[in-house]
Amino acid sequence: MGELAYIKGVITNINDAYVHIEDRGYQFGEGVYEVIKVYNGKPFALRPHIQRLNKSAIGMAISFPWDIDFLEKEILKLLNRAELKYANIYMQVTPGAAPRSHLLEKAPEPNLVITIRRSAEPREIKGIKVITVDDIRWKKCWIKSTNLTANIMAKKTARKEGAGEAIMCETDGTVNEGGSSNLFAVIDGVLVTPKLYNKILAGITRDIVLQIAEYRNLQYKEDKLLIDDLRSAQEVLVTSTTFEITYVSHINNLIIGDGNPGTVTRAIYTYYKELVKQQCF
């Protein structure tokens, strides 16, 4: 059937879908979301995404009455109807619709929206340029909130400068994460990613990369990273559901290595694709 939407249990063509004008996600940006990649008609790492969606909802004090098994069944039902081989699933939960007020006397029924849109077939590893920007986001970035104004502003700046991602940094030079990605660097042969704290999202792909490093006996650590560390790194890569494993060729117009994917990046990319193949093919 193609691209579809699921709203409160009803499946419809995505162009015919709508939510209430007073949904609090629309009026206040009060909502949480997840993006799940579909390969060969099967969702990759579905359960961890649903678990994180639940965690984000708890962090935002949004009611989450659905259990994981139910959501898995509904997503698989949507996938079967859509009949798309490669796609992106978007899940969003908001508190629901109510007359506009910062605080409500009674919580409305929460709203669950799921959409599925086709995506391009898997590609070979590619590289992007990135820039560093001041991190002006709030202090609970571990919540995957739909309120992404600061991220969008950063990404617009990156695009204006011909870059594919903006790396959020503190004023002291501490590196946090990308506008929609986590970041890794290879320094003296060791894979390093910023240690999780309130300004960094626990990325699903980030976690998979760390599992790969552990299983494949790659040297790695979670530690503080500075902009200066990135400038001297042999390799830099960004990870996310949509970026997958993408190498960084330039940071602020400074070339990283020889501008091509390095040995560690290529190994991680290969192992990641093997894992996708095991789960979805």
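Does ILE128 satisfy being over 19 Å from VAL93 (Cα atoms), at pLDDT 95 or above, in a strand (DSSP E or B) and in contact with a Phe, Trp or Tyr (Cβ under 9 Å, 6 or more places away or on another chain)?
Numbers: over 19 Å from VAL93 (Cα atoms): yes; at pLDDT 95 or above: yes; in a strand (DSSP E or B): yes; in contact with a Phe, Trp or Tyr (Cβ under 9 Å, 6 or more places away or on another chain): yes.
Answer is yes for this residue.
So which of ASN88, ASN80 ends up being touching a residue at least 40 places away in the same chain (Cβ under 8 Å) and surrounded by fewer than 20 Cβ atoms within 10 Å (Cβ to Cβ)? Lay out the reasoning, then the answer.
Details: ASN80 fails: touching a residue at least 40 places away in the same chain (Cβ under 8 Å).
Residue meeting the stated conditions: ASN88.
Return the residue satisfying two criteria in turn: it lies in the range 48-74 and is among the hydrophobic types (A, V, I, L, M, F, W, C) and not in a helix (DSSP H, G or I), and of such residues it is farthest from THR94 (Cα to Cα).
Taking the range 48-74 as the starting set, the residues that turn out to be among the hydrophobic types (A, V, I, L, M, F, W, C) are 50, 53, 57-58, 60-62, 64, 66, 68, 70-71.
Filter again for not in a helix (DSSP H, G or I), leaving 60-62, 64, 66.
Values: MET60: 10, ALA61: 10, ILE62: 7, PHE64: 9, TRP66: 13 Å.
Taking the candidates together, the pick is TRP66.
I'm trying to understand the selection: among the residues of the range 176-198, which are crowded, with 18+ Cβ neighbours inside 10 Å and part of a loop (DSSP other than H, G, I, E, B)?
Once the filter is applied, which keeps residues that are crowded, with 18+ Cβ neighbours inside 10 Å and part of a loop (DSSP other than H, G, I, E, B), the range 176-198 yields GLY179, SER180, PRO194.
Residues that are on the phi < 0 side of the Ramachandran plot and of a type in the set (S, T, N, Q): which helices (runs of 4 or more DSSP H) entirely in the range 200-281 hold 2 or more of them? If you could, list the steps in order and put the result at the bottom.
Values: elements: 204-215, 227-232, 263-280.
Here the list reads 204-215, 263-280.
Output the number of residues of the range 56-74 satisfying the condition of being in contact (Cβ under 8 Å) with a residue 60 or more places away in the chain and under 23 Å from GLY203 (Cα atoms).
Step one: list which residues in the range 56-74 are in contact (Cβ under 8 Å) with a residue 60 or more places away in the chain, which gives 56, 59-60, 74.
Keeping just the survivors that are under 23 Å from GLY203 (Cα atoms) gives 56, 59-60.
Here the count works out to 3.
Among the numbered criteria (1) at pLDDT 95 or above; (2) in contact with an Asp or Glu (Cβ under 9 Å, 6 or more places away or on another chain); (3) buried (at least 16 other Cβ atoms within 10 Å of the Cβ), which one does GLY173 miss?
For GLY173, the failing item is (3).
Can you tell me which residue in the range 108-122 is surrounded by the fewest Cβ atoms within 10 Å (Cβ to Cβ), limited to those that are among the β-branched types (Val, Ile, Thr) and within 17 Å of ASN54 (Cβ to Cβ)? Even if it seems obvious, please write down each step before you answer.
Here is the first cut: in the range 108-122, the residues among the β-branched types (Val, Ile, Thr) are 113-116.
Now narrow it down to the ones that are within 17 Å of ASN54 (Cβ to Cβ): 113-114.
Details: VAL113: 19, ILE114: 21.
Selected residue: VAL113.
Could you check how many residues of the range 109-125 are assigned to a loop (DSSP other than H, G, I, E, B) and either closer than 20 Å to GLU3 by Cβ or not β-branched (Val, Ile, Thr) (or both)? Before the answer, list the steps.
As a first pass, look at the range 109-125 and keep what is assigned to a loop (DSSP other than H, G, I, E, B): 109-110, 119-125.
Retained after the next criterion (residues that are either closer than 20 Å to GLU3 by Cβ or not β-branched (Val, Ile, Thr) (or both)): 109-110, 119-124.
Total meeting the criteria: 8.
If you go through the range 3-13 one residue at a time, do you hit one that is among the β-branched types (Val, Ile, Thr) and in a loop (DSSP other than H, G, I, E, B)? Spell out how you get there, then give the answer.
If we filter the range 3-13 for residues that are among the β-branched types (Val, Ile, Thr), which is where we start, we get 7, 10-12.
Keeping just the survivors that are in a loop (DSSP other than H, G, I, E, B) gives none.
The answer is no, given that none of the residues of the range 3-13 is among the β-branched types (Val, Ile, Thr) and in a loop (DSSP other than H, G, I, E, B).
So which residues in the range 91-107 are surrounded by 20 or more Cβ atoms within 10 Å (Cβ to Cβ) and among the small types (Gly, Ala, Ser), if there are any at all?
Listed by number, the list holds a single entry, GLY96.
So which residues in the range 1-28 are surrounded by fewer than 21 Cβ atoms within 10 Å (Cβ to Cβ), touching a Leu at 6+ places or on another chain (Cβ under 8 Å) and of a type in the set (A, V, I, L, M), if there are any at all?
ILE7, ILE11, ILE14
Looking only at the range 128-137, which residues are surrounded by 18 or more Cβ atoms within 10 Å (Cβ to Cβ) and not aliphatic (A, V, I, L, M)?
LYS129, THR132, ASP135, ARG137
Scan ALA154, ALA163 and give me the residue that is surrounded by 13 or more Cβ atoms within 10 Å (Cβ to Cβ), under 30 Å from GLY257 (Cα atoms), within 17 Å of the chain's Cα centre (by Cα) and among the aliphatic types (A, V, I, L, M). Steps first, answer last, please.
Numbers: ALA163 fails: within 17 Å of the chain's Cα centre (by Cα).
After ruling out the rest, the residue left standing is ALA154.
Can you tell me which residue among GLY31, GLY41 is surrounded by 15 or more Cβ atoms within 10 Å (Cβ to Cβ), closer than 30 Å to LYS106 by Cα, small (Gly, Ala, Ser) and not assigned by TED's automatic domain parsing to the domain that holds ALA202?
Exactly one residue qualifies, and that residue is GLY31.
The values are calculated or read from the model by the stated rules, or taken from the named source; none is laboratory data. Everything quoted here is computed from the prediction, not taken from an experiment. Please note: Cβ atoms are built from the backbone with ideal geometry, for glycine as well, and neighbour counts cover all protein chains shown.
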